[in-house]
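The values are calculated or read from the model by the stated rules, or taken from the named source; none is laboratory data. These numbers come from a predicted model, not from an experiment. FYI the Cβ positions are ideal-geometry reconstructions off the backbone, even for glycines, and counts take in every protein chain you see. Each accessible area value is taken on the protein alone, full model and side chains, heavy atoms only, with ligands, DNA and RNA left out. Shrake-Rupley method; radii C 1.70, N 1.55, O 1.52, S 1.80 Å.
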Amino acid sequence: MTISPISSSSGFVSLDAFTQAAAGGREVYADIAGERLQVMATGSLPNGRSVAWIAPNVDTASMFVDTLARTFGTGVGTAVARELDLVSAPGKPLSSRTVTLAVDMAREAGQALGGVDFVTQLAFSAKASGAEFERTASALGISGSLDAAQRQTIDDAMQRRFDEAATSGNSPVPPSVAQSWLSEILNSRLA
């Protein structure tokens, strides 16, 4: 099945477009505004044989890997691409099985990494009085002086940083990084 046309001028294809195309059980091609092989020039070899230089077709595999990275984070997208040997192959389709397997792998990896980050987030949670939060706040001399609204604001700021890390492929977040984030957030609240 062909994913056509791509509605975004950036060339980004949504994950849903790939999974819907793969649901048909056939090969998946991306088609950007009807782009096909185009003859760029013709010529002859010394033996008189005619040759043509053509522009390559759309690289469906690279577009799919880009979609995985944008959807699940760079780290997950790269790992899935490496595991399934998804390499640049202009003009060649992806099998629906490969698309389905890659999406399943990326979802599982994302859930596993999210679980690791959940434990770290809990340890650094102001609202839950996580052990690492209490240790960091005590070191800054502000342990018991925060009300519920302030604690929620701190957790919200930490959540944004965890989300950014996941999106950029920097998940799971090491506790030392989470501790430095929390210190910065707490220091900015004190200033």
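Both the radius of gyration and Dmax for the range 78-126 are 15.6, 52 Å, in that order, over alpha-carbon atoms.
Per-residue 3J(HN,Hα) values for the range 74-84, derived from phi via the Karplus relation 6.51 cos²θ - 1.76 cosθ + 1.60 with θ = phi - 60°, read 4, x, 5, x, 5, 5, 5, 4, 5, 4, 9 Hz in sequence order (x marks Gly and Pro).
In this structure, the amide hydrogen of A126, modeled 1.01 Å from its nitrogen in the peptide plane, lies closer than 5 angstrom to those of D155, counting only residues at least 5 positions away or on a different chain.
Keeping the other protein chains in place, figure out the carbon and sulfur percent of the accessible area of the range 74-191, with a 1.4 Å probe.
Details: 3560 of 6450 Å².
The computed percentage sits at 55.
Taking other residues whose beta carbon is less than 11 angstrom from the beta carbon of K92, and scoring Lys, Arg as +1 and Asp, Glu as -1, yields -2.
Search the structure for amide H atoms under 5 Å from the amide H of V28, placed 1.01 Å from N in the peptide plane, and list their residues when 5 or more places away or on another chain. Those lying under 5 Å, H to H, from V28 are L94, S95, S96.
In the range 125-190, the alpha-carbon atoms span a convex hull of 75 Å³ per residue. Electrostatic tally near G110: other residues with Cβ closer than 12 Å to its Cβ, Lys and Arg +1, Asp and Glu -1, net -2.
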